1. Hey, any hits in region 16-23 for a residue that's under 17 Å from Thr116 (Cα atoms) and at pLDDT 90 or above?
2. Regarding Leu54, is this residue part of a helix (DSSP H, G or I), in contact (Cβ under 8 Å) with a residue 40 or more places away in the chain and among the aliphatic types (A, V, I, L, M)?
3. Step by step: first the residues of region 16-54, then only those that are of a type in the set (Phe, Trp, Tyr) and surrounded by fewer than 16 Cβ atoms within 10 Å (Cβ to Cβ), then the one that is farthest from Val92 (Cα to Cα). Which residue is that?
4. What are the residues in region 1-29 that are closer than 16 Å to Asn72 by Cα and not aliphatic (A, V, I, L, M), if any?
5. If the Cβ limit is 6 Å and pairs must be 6+ apart or interchain, which residue in region 110-125 that is closer than 13 Å to Lys2 by Cα pairs with which residue that is of a type in the set (Lys, Arg)?
6. Hey, among the residues in region 1-15 that are farther than 16 Å from Ile60 by Cβ and without any contact (Cβ under 8 Å) to a residue 60 or more places away in the chain, which one's surrounded by the fewest Cβ atoms within 10 Å (Cβ to Cβ)?
7. Is there a residue in region 89-100 that is under 12 Å from Leu10 (Cβ atoms), surrounded by 13 or more Cβ atoms within 10 Å (Cβ to Cβ) and under 12 Å from the mean Cα position of the chain (by Cα)?
8. Exactly one of (1) in contact with a helix residue (DSSP H, G or I) (Cβ under 7 Å, 6 or more places away or on another chain); (2) over 20 Å from Ile27 (Cβ atoms); (3) in a helix (DSSP H, G or I); (4) in contact (Cβ under 8 Å) with a residue 24 or more places away in the chain is unmet by Pro71. Its number?
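The values are calculated or read from the model by the stated rules, or taken from the named source; none is laboratory data. Computed from a predicted structure; not experimentally measured. Ideal geometry is used to build each Cβ from the backbone, glycine not excepted, and the neighbour counts take in all protein chains shown.
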Amino acid sequence: MKSKILNLLLILTSFVGYLEWGGHNQILLFQAEGEIISKLFSDPASVMHPFTLLPMIGQIILLVTLFQDKPNKIMTYIGISCLGLLLGFMLVIGLMSFNYKIILSTLPFLIVAMITILHYKNLKNQSKLL
């Protein structure tokens, strides 16, 4: 059950990412995903980019693990990796630009990702003891 809760938290915290760029433009990731999904049906070529598709694929993979009896560790790691590419990149951008909003928006996901990895690592160590 803890694995499912962690995977759900990974999905939810990935929506909180904050982007800000020149001219006072800003958007949260859940808003950006809404725009991407709407453009996916009207103009699919405009959203075909690794930084738009990989995080969405990661969220879908994590969503699939929520419906499994026991969430698959490999699928969880793949989901974390896909989402981590974007949120890690956002963290680097936030650090380079000293933008505390971007930095703080990525930390929940990164913290939950580390907790999830440690959780699965502890499960592996516990199974070795049995």
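1. Residues of region 16-23 that are under 17 Å from Thr116 (Cα atoms), as a first pass: none.
The answer is no, given that none of the residues of region 16-23 is under 17 Å from Thr116 (Cα atoms) and at pLDDT 90 or above.
2. Values: part of a helix (DSSP H, G or I): yes; in contact (Cβ under 8 Å) with a residue 40 or more places away in the chain: no; among the aliphatic types (A, V, I, L, M): yes.
No.
3. First, the residues of region 16-54 that are of a type in the set (Phe, Trp, Tyr): 18, 21, 30, 41, 51.
Pick out the ones that are also surrounded by fewer than 16 Cβ atoms within 10 Å (Cβ to Cβ) and you get 21, 30, 41, 51.
Working: Trp21: 14, Phe30: 20, Phe41: 31, Phe51: 15 Å.
Only one residue tops the list, namely Phe41.
4. Correct list: Lys2, Ser3, Lys4, Asn7.
5. So the pair list comes out as Tyr120/Lys73.
6. Only one residue tops the list, namely Met1.
7. Step one: list which residues in region 89-100 are under 12 Å from Leu10 (Cβ atoms), which gives none.
No, region 89-100 contains no residue that is under 12 Å from Leu10 (Cβ atoms), surrounded by 13 or more Cβ atoms within 10 Å (Cβ to Cβ) and under 12 Å from the mean Cα position of the chain (by Cα).
8. Condition (3) is where Pro71 drops out.
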